[in-house]
Amino acid sequence: MAVLNGTLSCFKQMDDIQFNHWTSLLEKRTGMYLPIERRSFLETSLGLRMKEIGIEDFSTYYQHLHSEKNGKREWLTLVDRLTVHETRFFRHQPSLDFLEKEILPRLFKSELNRKKIQIWSAGCSTGEEAYTLSMVVNQFLQKFQRQCYLAVTGMDISIPALVTARKGVYDQYKVRHVPEKYLEHYFIKQDNNRYQIIEQLKKRVCFVPFNIIDMKKTLLEPMDIIFCQNVLIYFNRERRKQIINQLVQRLKPGGFLVLGAGESLNNPHPELEKIKFPNSLAFFKKN
Ligand SMILES: C[S@@+](CC[C@H](N)C(=O)[O-])C[C@H]1O[C@@H](n2cnc3c(N)ncnc32)[C@H](O)[C@@H]1O
């Protein structure tokens, strides 16, 4: 038995060679970086899944993931188990203030007769970020009586997270950070104390599977705004740089990239210009 955070784990420990095999596989396919300190996390997560499907050792499970028959499907389940989906509505208010007070006025100033705003929530988890962005933008459009088509695309590697996102139904605890005026305007309370996103908002938001380290396969038009918050922290420095390069390519000139406030970029991309706004980390793509 292994000791895990002070408790006894009934899962097997992996040796160094196995650990290297598993972390290389994960890095190659998802970009996820697991340092040696996260070994017990990996052992426990794999162990739990192996128990569910009746596999007893790491090597057999490794082979199972590579099998023609069920390997692909099992991989999707495992990725969901290993990724962190923590998220919430209105998670980072300074970034939303930035969106409302800087980005949107600037976009409309640069194109007075703007007819469309396209936003990407990269690493959207169960949808809260994408819906939050659509609520904030919609509120802005209504306030300034702008006739403008809004399209928000949420993307994530986890299929179960996307299934939840597409439903657009959240329990009371999940909506606890939604300001009252938004809750009243954009949700319908159901009998079972769950909250359904209203249809008018839902049809502005779509959810698509994607792997952020393999964006070449995503057929998206360039975006006006990309939010990519609390995602880069799971990648090593080289991967982060590659991801930023790809995100910049998917941004329109004059568009905005908003990262998590603590996700500093060591060498900002040459096409990006940092914009100062309190407690946020955002960039403008030079024209
Ligand atoms: C902590 S959540 C952040 C959710 C949201 N952006 C927020 O800030 O609240 C990180 C998300 O990144 C996703 N993710 C991790 N690796 C990914 C990859 N290679 N491609 C796409 N999404 C990935 C995870 O599935 C997870 O839903």
task = Please give the number of the condition residue 150 fails out of (1) out of contact with any Phe, Trp or Tyr (no Cβ under 9 Å at 6 or more places or on another chain); (2) surrounded by fewer than 16 Cβ atoms within 10 Å (Cβ to Cβ).
result = (2)
task = Name every residue in segment 101-139 that is closer than 18 Å to residue 204 by Cα and away from the ligand (no atom under 16 Å from the Cβ), in order of residue number.
result = 104, 114, 115, 116, 117, 118, 137, 138, 139
inquiry  = Scan segment 227-249 and tell me whether some residue there is open to solvent by less than 20 Å² (accessible area, probe 1.4 Å), touching a helix residue (DSSP H, G or I) at 6+ places or on another chain (Cβ under 7 Å) and more than 14 Å from the ligand (Cβ to nearest atom).
reply    = no
note = For segment 167-178, pairs from a residue that is assigned to a loop (DSSP other than H, G, I, E, B) to a residue that is surrounded by 12 or more Cβ atoms within 10 Å (Cβ to Cβ), with Cβ under 6 Å and 6 or more apart or across chains, are 168/197; 168/202; 175/195; 177/88; 177/89; 177/90; 178/89
query = Would you say residue 85 is at pLDDT 95 or above, open to solvent by 40 Å² or more (accessible area, probe 1.4 Å), part of a loop (DSSP other than H, G, I, E, B) and not β-branched (Val, Ile, Thr)?
reply = yes
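For residue 205, state whether it is more than 10 Å from the ligand (Cβ to nearest atom) and open to solvent by less than 50 Å² (accessible area, probe 1.4 Å). Talk me through it step by step, then tell me what you get.
Numbers: more than 10 Å from the ligand (Cβ to nearest atom): yes; open to solvent by less than 50 Å² (accessible area, probe 1.4 Å): yes.
For residue 205, the condition - more than 10 Å from the ligand (Cβ to nearest atom) and open to solvent by less than 50 Å² (accessible area, probe 1.4 Å) - is met.
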remark   = Picking from 195, 170, the residue that is at pLDDT 95 or above, within 15 Å of the ligand (Cβ to nearest atom) and more than 27 Å from residue 103 (Cα to Cα) would be 170
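The values are calculated or read from the model by the stated rules, or taken from the named source; none is laboratory data. Because the structure is a prediction, the values reported are computed rather than measured. Ideal geometry is used to build each Cβ from the backbone, glycine not excepted, and the neighbour counts take in all protein chains shown. Note: accessible area is taken over every heavy atom of the protein model, side chains too, but ligands, DNA and RNA are not part of it. Shrake-Rupley method; radii C 1.70, N 1.55, O 1.52, S 1.80 Å.
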